[in-house]
1. Please state which one of A55, A99, A77 is under 20 Å from T181 (Cα atoms) and either part of a loop (DSSP other than H, G, I, E, B) or within 13 Å of the ligand (Cβ to nearest atom) (or both).
2. Restricting attention to the range 58-70, report how many residues are open to solvent by 10 Å² or more (accessible area, probe 1.4 Å) and within 16 Å of the ligand (Cβ to nearest atom).
3. Mind checking which residues of the range 102-124 are among the acidic types (D, E) and within 12 Å of the ligand (Cβ to nearest atom)?
4. On the basis of being modelled with pLDDT of 95 or more and more than 16 Å from the ligand (Cβ to nearest atom), does V151 make the cut?
5. Touching a residue at least 24 places away in the same chain (Cβ under 8 Å), surrounded by 15 or more Cβ atoms within 10 Å (Cβ to Cβ) and more than 16 Å from the ligand (Cβ to nearest atom), is that true of I176?
6. Six or more apart or on different chains, Cβ atoms under 9 Å: show the pairs whose first residue is in the range 43-60 and among the hydroxyl-bearing types (S, T, Y) and whose second is open to solvent by less than 70 Å² (accessible area, probe 1.4 Å).
Amino acid sequence: MRIGFFDSGIGGLTVLYEALRILPHEDYLYYADSTHVPYGNKPKDLVRRYVGEAAKFLVAKGIQALVVSCNTATSVAINELRNHCQIPIIGMEPAIKPAVKDHRDKRVLVFATEMTLKEEKFQKLVSHVDDQRIIDYLPLQELVMHAENFVFDPEIIIPYLEKKLASYDMSCYGTIVLGCTHFPYYKRTFRKIIPRHIKIIDGNLGTVRHLKRQIEALASRRTGKGMIEFYISGQRADDELFIRYLQQYAEFEKEMPAQSQ
Ligand code: DGL
């Protein structure tokens, strides 16, 4: 099957990584809208337009399912995409449901982009699941461009995170939810400064499991050859850059296996 993956940049590769593990025989088209990254601090109509253009491009390339492997794009454009596309569209949202379910009398802290946290979709989700008022959230928008620039050096990232977290009493928290697909690149760095009792989770594995169920239900399903094509904002891109990220992510995952939900 030809499956499209879309993100504002290289964040969605952390989801594609799980797909390659769980569904290795499908064909993937990965679209990074690197010309317009980051999305999280842009006007929402503009982001909606970018997402629409990317989806149109991928659908014209014959994809049979689309994973919007970007929480920000999902929060502003998923309904419109579902209204316009005839194929299964799998979106992403911060994994707060499992975090609240298993809160162990501690609070939950959600890291995401500015837009995801401000959007109605997230606010509705919170009011739906957070009846005990245990969710706090914090935008870490700058991490997106650090990841885009391949900046993973803890000496640069840790001071940024320490500053952001300075006013939070970490002993209150039991779970941190990574609600942006760029953030799992920093799981190892988060682990260095976040107390050990705090679980760090993301929604990547859950999203791929959902994709698996959706495509297995399709009558027209035929497995592919395990190929990947990469695109940057509508142009075929050099595989090398993306492979470098996937390899780097695989290295991080070896040290910090997923606690995905
Ligand atoms: N990877 C993205 C997400 O999951 C978006 C980051 C951005 O472009 O600001 O939200």
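1. Exactly one of A55, A99, A77 is under 20 Å from T181 (Cα atoms) and either part of a loop (DSSP other than H, G, I, E, B) or within 13 Å of the ligand (Cβ to nearest atom) (or both), namely A77.
2. The qualifying residues number 0.
3. Selection gives E114, E119.
4. no
5. Answer is no for this residue.
6. Listed by first residue and then by second, the contacts come to Y50/S8; Y50/D33; Y50/H36; Y50/Y39; Y50/K42; Y50/A73; Y50/A77; Y50/S233.
The values are calculated or read from the model by the stated rules, or taken from the named source; none is laboratory data. Quantities reported herein were computed from a predicted structural model and do not represent experimental measurements. Cβ: placed from backbone, ideal geometry, glycine included. Neighbour counts: every protein chain shown. When the accessible area is computed, the model is the full protein with side chains, heavy atoms only, and any ligands, DNA or RNA have been set aside. Shrake-Rupley method; radii C 1.70, N 1.55, O 1.52, S 1.80 Å.
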